[in-house]
1. Among the DSSP beta bridges whose two residues both lie in the chain, what percent are antiparallel, rounded to the nearest 5?
2. Taking a quarter of the surface of the convex hull around the Cα atoms of the stretch 102-222, what do you get in nm²?
3. Which distance in Å, rounded to a whole number, links the C-alpha centroids of the stretch 19-40 and the stretch 147-164?
4. Compute the signed sum of charges (Lys and Arg +1, Asp and Glu -1) over the other residues within less than 14 Å, Cβ to Cβ, of residue 214.
5. From the Cα gyration tensor of the stretch 77-155, with a ≥ b ≥ c the square roots of its eigenvalues, which class applies: rounded if a/c is under 1.5, or else prolate if a/b is larger than b/c, or else oblate?
6. Counting Lys and Arg as +1 and Asp and Glu as -1, what is the net charge of the other residues whose Cβ lies under 15 Å from the Cβ of residue 109?
7. Using only the Cα atoms of the stretch 1-107, what are the Rg and Dmax in Å?
8. Can you compute the charge dipole magnitude of the chain about its Cα centre, using +1 on each Lys and Arg Cβ and -1 on each Asp and Glu Cβ, nothing else charged? Give it in debye, rounded to the nearest 20.
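The values are calculated or read from the model by the stated rules, or taken from the named source; none is laboratory data. Quick caveat: nothing in here was measured; it's all calculated off a predicted structure. Counting neighbours? That spans all protein chains shown, and the Cβs are built from the backbone with ideal geometry, glycine included. The accessibility values were calculated without ligands, DNA or RNA, using every heavy atom of the protein model including side chains. Shrake-Rupley method; radii C 1.70, N 1.55, O 1.52, S 1.80 Å.
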Amino acid sequence: MKTDSRIVVTADGSHSLFNEQAGQHYHSIFGARQESERVFIELGLQEALERFTDSPLRVFEMGFGTGLNAVMTAREAGNRQRSVAYTAVEAFPVPLAEARQLNFDEQLGTSCTYALHEAPWHTPTIISPYFTLTKQEGQLQAFSAGPAFHLVYYDAFAPEAQPELWTADIFQHVAGMMVPDGILTTYCSKGYVQRNLKAAGFRVEKHPGPARKREILRAVKI
C-alpha cells in the first residue's frame with residue numbers, strides 16, 4: 001500500500017489524511033481530534049494510568065499514521081507528569097512533507113507533531129521529559145515486543161481495507177505482547193471483531209463512541 005494521500009479538514013477543524021490506495025481516512029471525518037480523544041485517551045490512556053502504577057507506562061500503537069494519538073498521549077503524560085514509553089508500528093510512514101502540514105499542534109496547544117514524525121526509526125527518542133517514542137517501520141505480523149505493554153491503541157485501517165489485521169490470530173499475537181489485565185482500545189466495533197477479540201483471550205466492553213459513532217470497544221486481556 002503506497003502513501004499517496006491528501007490532507008482533509010474534519011468536522012472539528014483538525015486534520016486527517018485520506019489514503020488514495022486504501023480508500024480510507026486515517027481518522028473520522030466527523031472529528032479527528034474528538035475521535036482520538038474518546039477512543040484512545042479517555043477509554044484507554046486515562047484508564048491505564050489509573051490501573052497501572054508502573055513507570056513508565058508502556059503503550060503500543062498499531063498504525064502510527066498521522067501521529068495524532070501519540071501527540072495527544074504526550075500531552076496527557078505531561079499534564080499528569082507520568083512517564084510514558086510509546087512504541088508504534090507503521091508499515092507505510094507518512095511523508096515528512098505531509099506531516100509538516102498537519103495542524104495538531106495548533107489544535108492541541110502542543111509543539112511535538114513534526115518532532116514525532118522526524119524521530120528516527122527503530123531508536124528510542126526522548127520527545128519530552130515524560131514521553132519517549134520508539135517507531136518501528138514494518139508490519140505488525142513481524143513485530144515482537146520486549147517488555148510487555150500495559151495499553152494498546154489498535155488503529156489499523158478498517159477491516160474492509162486490511163482484513164488481515166482484524167483476525168483472531170493477529171489479536172492473539174497482540175495479546176501475547178500485553179501484561180495481564182492490559183487494555184486494548186479500538187474504534188471498530190463490528191461483531192466479528194468482537195468475536196475475534198474474545199477468541200484471542202480478551203474480555204470485550206462496548207462503550208459509547210464519539211460523533212456519529214454509536215459504539216467503540218475496550219478489550220481487557222484475561
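1. Taking every DSSP beta bridge within the chain, about 50 percent pair in antiparallel fashion.
2. Hull-based average projected area comes out at 8.8 nm².
3. Value for the Cα centre distance between the two parts: 14 Å.
4. Residues close to residue 214 contribute a combined charge of +3.
5. oblate
6. Neighbour charge sum, excluding residue 109 itself: -3.
7. 14.2, 42
8. I would put it at about 520 debye.
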